[in-house]
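The values are calculated or read from the model by the stated rules, or taken from the named source; none is laboratory data. Quick caveat: nothing in here was measured; it's all calculated off a predicted structure. All Cβ positions, even for glycine, are placed from backbone atoms using ideal geometry, and neighbour counts span all protein chains on display. These accessible areas exclude ligands, DNA and RNA; they are computed on the full protein's heavy atoms, side chains included. Shrake-Rupley method; radii C 1.70, N 1.55, O 1.52, S 1.80 Å.
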Amino acid sequence: MLVIKPRALVPIAQYVKEGDTVSQFDSICEVQSDKASVTITSRYDGVISKLYYNVDDTAIVGKPLVDIETEAVKVGALEEDVLEAPAVSHDEHTHQEIKGQKTMATPAVRRLAMENNIKLSEVVGTGRDGRILKEDILNYLSKQTGAILPLSPTPEIVPPPPQARTAPPQPKDKTLPKPAVTKPVFTGKDRTEPLKGFHKAMVKTMSAALKIPHFGYCDEIDLTQLAELREELKSLAESRGVRLSYMPFFIKAASLGLLHYPILNASLDNSCQNITYKASHNIGLAMDTQQGLIVPNVKNVQMLSIFDIAAELNRLQTLGATGQLGTSELTGGTFTISNIGSIGGTYAKPVILPPEVAIGALGKIQVLPRFNVKGEVVKAHIMNVSWSADHRIIDGATMSRFSNLWKSYLENPASMLMDLK
């Protein structure tokens, strides 16, 4: 009777049952320790007479795992050989005790030894802890036969026979002309022209503007209620021949805010010694025209209704499109709003137009998800605003309070009625 004993392992799979016939190197079961799982193979030809453990049982150290009856047992010759369960290692090698001496070798090495009738007990292992390697078996054979054996047989690679390639028929005694390669010739020339008109004025204005220390402030405005109000008033404005956009509301809200923070509607002299508070709210609107960026302004906004502002904007836009804006429309501004969002973008860094001390840039209006007062996700019309102020006379708190007031007028357009005059 041959006995296979496990170490402290747990069978996780059984590949045989009692009465099955097994051959050498057939898989018997798979066992698992706390670090690895290894398949136990049979070292003998015989019949499984008894299984000591079922799947997921805990194997006791030193107890048999399975009994195998061989032909030698049947004729009365009893031989006991012990095969221990695999030790936990990265190589997952198997250990075997042969005649009281532990022999360590992999199943592949054992098969090579069996095929060449070599006893592992006669081979000196050169591996770790005396483990017998494949090279040890080959060296043992070379000493016995005097032949030099390769470590691993390399199959001869026979290249496939070359296939005859059929060349495309070519006309005899004729050479194909090479295609003519022509490189493109660039004939453009640089062009220099003097600055004039709006470009020349912009150079002068922006050069002066960059001498101003700018303070930036940005915020987000929810225009959902304003969008609903504008939709209700559009048809009424069109019946009067006026196109109603969001800009009249923005300009009127700014004028109402300037009444509370008049320093934003002021100017600073060149020597930075005097501040002039402007009585009129001449609010400019930056326009993109064929002639360039121009900033006409709506005069005395503090005295105009939203409908009046819309009508004036229609007139200025018509003149700007035809290049007919005059000096009266382009001068005298006290506060500016740039509607850069009509072209694109959400935030900007607007540059103050001297002698003004503040400017705002409006981003595009987007429909975005937001939470309402009940915590529900709703669609909201969102616009971002970017303010720039002259930090020599305007502090951040003043700019923030003005922006909050302007924001409250737009988010609750009915509140503007309280301050309208």
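Scan the stretch 362-420 residue by residue and report those that are open to solvent by 80 Å² or more (accessible area, probe 1.4 Å) and closer than 18 Å to F335 by Cβ. Working first, answer last.
Filtering the stretch 362-420 for residues open to solvent by 80 Å² or more (accessible area, probe 1.4 Å) gives 364, 367, 369, 371, 373-374, 376-377, 379, 391-392, 401, 417-418.
Scanning the stretch 362-420 gives H391, R392, R401.
Here E156 meets the list (1) modelled with pLDDT of 80 or more; (2) of a type in the set (D, E, K, R); (3) not assigned by the TED database to the domain that holds S400 almost entirely, failing just condition (1). Only residues that are out of contact with any Leu (no Cβ under 8 Å at 6 or more places or on another chain) and not in a helix (DSSP H, G or I) were counted in the stretch 111-126, giving 4.
A search for C-beta distances below 6 Å between a residue of the stretch 358-384 that is of a type in the set (A, V, I, L, M, F, W, C) and any residue that is in a strand (DSSP E or B) and exposed (fewer than 10 other Cβ atoms within 10 Å of the Cβ), counting only pairs 6+ apart in sequence or on different chains, returns V377/P369. Where helices (runs of 4 or more DSSP H) fall wholly inside the stretch 165-284, the ranges with 1 or more residues that are under 21 Å from A348 (Cα atoms) and among the hydroxyl-bearing types (S, T, Y) are 197-209.
Restricting to the stretch 118-139, name every residue that is over 60 Å from the mean Cα position of the chain (by Cα) and over 12 Å from A105 (Cβ atoms).
The answer is E122, and nothing else.
Taking every residue in the stretch 249-269 that is in the same structural domain as T398 (by the TED database) and pairing it with any residue that is among the acidic types (D, E) and part of a helix (DSSP H, G or I), at least 6 positions away or on another chain, the pairs with Cβ-Cβ distances below 7 Å are L256/D419.
Okay, residues lined up against (1) free of Cβ contacts under 8 Å to residues at least 60 places away in the same chain; (2) out of contact with any Asp or Glu (no Cβ under 9 Å at 6 or more places or on another chain):
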{"position": "V295", "(1), (2)": "yes, yes"}
{"position": "K299", "(1), (2)": "yes, no"}
{"position": "Q302", "(1), (2)": "no, yes"}
{"position": "T318", "(1), (2)": "yes, yes"}
{"position": "Q324", "(1), (2)": "yes, yes"}
{"position": "T327", "(1), (2)": "yes, yes"}
{"position": "G332", "(1), (2)": "yes, yes"}
{"position": "F335", "(1), (2)": "no, no"}
{"position": "S342", "(1), (2)": "yes, no"}
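Please indicate, with yes or no, whether at least one residue in the stretch 287-297 is modelled with pLDDT of 95 or more and open to solvent by 40 Å² or more (accessible area, probe 1.4 Å). Checked the stretch 287-297: no residue is modelled with pLDDT of 95 or more and open to solvent by 40 Å² or more (accessible area, probe 1.4 Å).
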